[in-house]
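Down below is the structure, laid out as structure tokens.
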Amino acid sequence: MRKLMMTSLGVLALSLLGTPSAHAQVNVERSTSAADTGCFYVLPTSVESPLHSSNPAEFSARKTTDILLNTVFPRALDGEHLLTLKLYTPKGYLYRQFDVPVGPDRGRASQGRKVEHYPYPVMEQFPEVKAINGSKVQAVTIHLPVAGSNIITSSLYGKWTVKFTLDGQEPPCRVRETRFIVSE
């Protein structure tokens, strides 16, 4: 009986370790459009306090009208892209998702671009040159309202998380999210 049980366990272990299924395969190929931008990241600031040296940045809900979510690109972007920022509350719930069409040419007027799951065209944004830590970088800024928003009315104070992608791909580096604190 013991020999039969050991044989059955051995067969079960071999079947689990055998050939990998199609579901177990991992696709490590990255889109060249996202990889070409290098390690982009989100730097939270505010109108009242443009640059923060603390990590994570901390904002007082009583003193902050909007948090500025600056997505910083180390190089100029080529072509059209879709930047997605997902904002999570301190308890880990999705608070808001921003889908922002980003274009390379600031000189042309934006007529808006069709974005999946949006009923109307979304206005395209263009990266602006900004000086951050002594370097000139390209950045797209998204405003997150604080004053008069659910952040205050629902007391959503604590450490927030921003996860970001470009063209549906995570940045090709280790930083894939940014955190900031909203205090009372």
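Just one of (1) surrounded by 11 or more Cβ atoms within 10 Å (Cβ to Cβ); (2) out of contact with any His (no Cβ under 8 Å at 6 or more places or on another chain); (3) of a type outside the set (A, V, I, L, M, F, W, C); (4) modelled with pLDDT of 85 or more fails for T153. It is (1). Among the residues of the stretch 164-181, is any of a type in the set (A, V, I, L, M), under 18 Å from the mean Cα position of the chain (by Cα) and outside any strand (DSSP E or B)? Checked against the condition, which is being of a type in the set (A, V, I, L, M), under 18 Å from the mean Cα position of the chain (by Cα) and outside any strand (DSSP E or B), the stretch 164-181 yields at least one hit.
Restricting the first member to the stretch 77-105 and to residues that are under 23 Å from Y120 (Cβ atoms), and the second to residues that are in a loop (DSSP other than H, G, I, E, B) and modelled with pLDDT of 95 or more, the beta-carbon pairs closer than 9 Å and six or more apart or on different chains are Y95/T89; Y95/L156.
Within the stretch 156-169, restricting attention to residues that are closer than 16 Å to L87 by Cβ and of a type outside the set (A, V, I, L, M), the residue that is surrounded by the most Cβ atoms within 10 Å (Cβ to Cβ) is W160. A search for C-beta distances below 9 Å between a residue of the stretch 167-184 that is within 24 Å of E58 (Cα to Cα) and among the small types (G, A, S) and any residue that is in a loop (DSSP other than H, G, I, E, B) and at pLDDT 80 or above, counting only pairs 6+ apart in sequence or on different chains, returns S183/A61; S183/R62; S183/Y157. Only a single item in (1) buried (at least 20 other Cβ atoms within 10 Å of the Cβ); (2) closer than 24 Å to V47 by Cα; (3) of a type in the set (A, V, I, L, M, F, W, C) is not met by V72, and it is number (1).
There is at least one residue in the stretch 55-69 that is under 13 Å from the mean Cα position of the chain (by Cα) and either closer than 20 Å to V175 by Cα or modelled with pLDDT under 90 (or both). It is to be established whether one or more residues within the stretch 83-92 are surrounded by 11 or more Cβ atoms within 10 Å (Cβ to Cβ), under 17 Å from Y41 (Cα atoms), charged (D, E, K, R) and touching a helix residue (DSSP H, G or I) at 6+ places or on another chain (Cβ under 6 Å). No: the stretch 83-92 contains no residue that is surrounded by 11 or more Cβ atoms within 10 Å (Cβ to Cβ), under 17 Å from Y41 (Cα atoms), charged (D, E, K, R) and touching a helix residue (DSSP H, G or I) at 6+ places or on another chain (Cβ under 6 Å).
The set of residues in the stretch 53-64 that are assigned to a loop (DSSP other than H, G, I, E, B) and surrounded by 15 or more Cβ atoms within 10 Å (Cβ to Cβ) comprises A61, T64. Checking the structure you have, find out if any residue of the stretch 133-140 is of a type in the set (D, E, K, R) and in contact (Cβ under 8 Å) with a residue 12 or more places away in the chain. No - not one qualifying residue is present in the stretch 133-140.
For the stretch 119-150, a residue qualifies if it is in a strand (DSSP E or B), surrounded by 16 or more Cβ atoms within 10 Å (Cβ to Cβ) and among the hydrophobic types (A, V, I, L, M, F, W, C), and the qualifying residues are V122, V137, A139, V140, I142, L144. Of all residues in the stretch 111-128, those satisfying the criterion of being of a type outside the set (V, I, T), in contact with a Lys or Arg (Cβ under 7 Å, 6 or more places away or on another chain) and farther than 14 Å from T71 by Cα are P121, E124.
The values are calculated or read from the model by the stated rules, or taken from the named source; none is laboratory data. Given the structure is predicted, the values throughout are model-derived calculations rather than measurements. Positions of Cβ are generated from backbone atoms using ideal geometry, with glycine treated the same way; all protein chains shown enter the neighbour counts.
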